[in-house]
Amino acid sequence: MEYKQIEMEDCDQVLEHLRRSFFADEPLNKSAGLCQNGSSCIALEAHCVEAIKDRMSLMAVDAKVEGCCKIAGVVLNGILRPGNAAKSLKKLDSTSDADFRKIFELLHGHSLKYNLFEHFAVGSIFDVRILSVDSGYRGQGIANELVKQSVAVAKANGFRLMKADATGIFSQKIFRSHGFEVFSEQPYDKYTDKHGKVILPVEAPHIKMQQLYKRICEGDKDDKEQPH
Ligand code: ACO
């Protein structure tokens, strides 16, 4: 497996991978029924392309395979600045995609309520936005490697803080194993409308979203590399 930076010209192949993998299987997308059956979702794809533009995203490529299926996994990393969540939340008013709105009102609303910028006094955050591995390649450590290499990219670019909104128990485990800590949580059964109805009935075993963070200090090692 080769790991490399995602360039703008890789966008179509990356989106093709995400339609088959992340858009179909990520717990919140699955619950909302967003982009099921490999279909596209304009708002979600625009969100992915925004991250790729920051040029810190990575893909795992199976060199033995030709064409779009050669992408085994991706991690889309973007730069988060104060005010971004509020702006994105406001932008949701004009989206016609109700399912996309359900998901991103939860994520952006949570970021505003539990503000990492204020808490850690930083001006920018390395945001791990999308972690996705093709179902045919899962269980081989690809997500682990993508997170490990993302930590290296964050360090190389001088970030002091990383964050990830991990929506399922497996991604939460992966981030924690790389030294991420829980900053705040949102149980899915507490995300309700004004009648008390659960907005996103996420399937077990995923019961909550975790906002995780990792502080980056000079000379740190990835926790997975440290002897126990
Ligand atoms: N069941 C049990 N354990 C699992 C599972 C599973 N289904 N998936 C991962 N794990 C564990 C592994 O055992 C491993 O633990 P270890 O390090 O102690 O050995 C660890 O998680 C990492 O496993 P990897 O093989 O690196 O993970 P993989 O490459 O299979 O990818 C991922 C995991 C990304 C969650 C994949 O299943 C996927 O793409 N799911 C759909 C999209 C999704 O939910 N993405 C995360 C959303 S949060 C975000 O994007 C910021």
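Under 8 Å between Cβ atoms, which residue pairs at least 6 apart in sequence (or on different chains) link something in region 1-22 that is more than 17 Å from A143 (Cα to Cα) with a partner that is open to solvent by 70 Å² or more (accessible area, probe 1.4 Å) and modelled with pLDDT of 95 or more?
That search, which allows pairs on different chains as well, returns E7/R55; M8/K53.
Exactly one of these conditions fails for E50: (1) surrounded by fewer than 21 Cβ atoms within 10 Å (Cβ to Cβ); (2) not in a helix (DSSP H, G or I). Give me its number.
Tallying (1) surrounded by fewer than 21 Cβ atoms within 10 Å (Cβ to Cβ); (2) not in a helix (DSSP H, G or I), E50 fails exactly one: (2).
Checking the conditions here, which among I142, I103, I79 is within 16 Å of the ligand (Cβ to nearest atom), out of contact with any strand residue (DSSP E or B) (no Cβ under 8 Å at 6 or more places or on another chain) and open to solvent by less than 40 Å² (accessible area, probe 1.4 Å)? Walk me through how you get there before you give the answer.
Working: I142 fails: out of contact with any strand residue (DSSP E or B) (no Cβ under 8 Å at 6 or more places or on another chain); I79 fails: out of contact with any strand residue (DSSP E or B) (no Cβ under 8 Å at 6 or more places or on another chain).
Matching residue, one of I142, I103, I79: I103.
Just checking, which of K155, K87 is at pLDDT below 95, away from the ligand (no atom under 16 Å from the Cβ), part of a helix (DSSP H, G or I) and more than 30 Å from K64 (Cβ to Cβ)?
Details: K155 fails: at pLDDT below 95.
The unique qualifying residue is K87.
Cβ-Cβ under 6 Å, sequence separation 6+ or interchain: first residue in region 143-155 and among the β-branched types (V, I, T), partner within 10 Å of the ligand (Cβ to nearest atom) and open to solvent by 20 Å² or more (accessible area, probe 1.4 Å). Which pairs?
V147/I174
Output the number of the condition that F170 fails; it satisfies all remaining conditions of (1) near the ligand (Cβ under 8 Å from one of its atoms); (2) hydrophobic (A, V, I, L, M, F, W, C); (3) touching a strand residue (DSSP E or B) at 6+ places or on another chain (Cβ under 9 Å); (4) assigned to a helix (DSSP H, G or I).
Among (1) near the ligand (Cβ under 8 Å from one of its atoms); (2) hydrophobic (A, V, I, L, M, F, W, C); (3) touching a strand residue (DSSP E or B) at 6+ places or on another chain (Cβ under 9 Å); (4) assigned to a helix (DSSP H, G or I), the lone unmet condition for F170 is (3).
Confirm whether S171 is in contact (Cβ under 8 Å) with a residue 12 or more places away in the chain, hydroxyl-bearing (S, T, Y) and open to solvent by 60 Å² or more (accessible area, probe 1.4 Å). Lay out the reasoning, then the answer.
On the way: in contact (Cβ under 8 Å) with a residue 12 or more places away in the chain: yes; hydroxyl-bearing (S, T, Y): yes; open to solvent by 60 Å² or more (accessible area, probe 1.4 Å): no.
The answer is no for S171.
Consider A51 carefully, then state whether it is under 18 Å from K163 (Cβ atoms) and either more than 13 Å from the ligand (Cβ to nearest atom) or basic (K, R) (or both). Walk me through how you get there before you give the answer.
Details: under 18 Å from K163 (Cβ atoms): yes; either more than 13 Å from the ligand (Cβ to nearest atom) or basic (K, R) (or both): no.
No.
Out of the residues in region 1-35 that are among the small types (G, A, S) and not in a helix (DSSP H, G or I), state the one that is surrounded by the fewest Cβ atoms within 10 Å (Cβ to Cβ).
Narrowing region 1-35 to residues among the small types (G, A, S): 21, 24, 31-33.
When the remaining residues are screened for being not in a helix (DSSP H, G or I), the result is 21, 33.
Working: S21: 23, G33: 10.
Filtering first and then ranking leaves G33.
Quick one: which of S111, S96, S124, S132 is buried (at least 17 other Cβ atoms within 10 Å of the Cβ) and away from the ligand (no atom under 11 Å from the Cβ)?
Numbers: S96 fails: buried (at least 17 other Cβ atoms within 10 Å of the Cβ); S124 fails: buried (at least 17 other Cβ atoms within 10 Å of the Cβ); S132 fails: away from the ligand (no atom under 11 Å from the Cβ).
Checking each option against the conditions leaves just S111.
The values are calculated or read from the model by the stated rules, or taken from the named source; none is laboratory data. Everything quoted here is computed from the prediction, not taken from an experiment. Here Cβ is always computed from backbone atoms with ideal geometry, including for glycine, and neighbour counts include all displayed protein chains. In case anyone asks, the SASA skips ligands and DNA or RNA and just uses the protein heavy atoms, side chains included. Shrake-Rupley method; radii C 1.70, N 1.55, O 1.52, S 1.80 Å.
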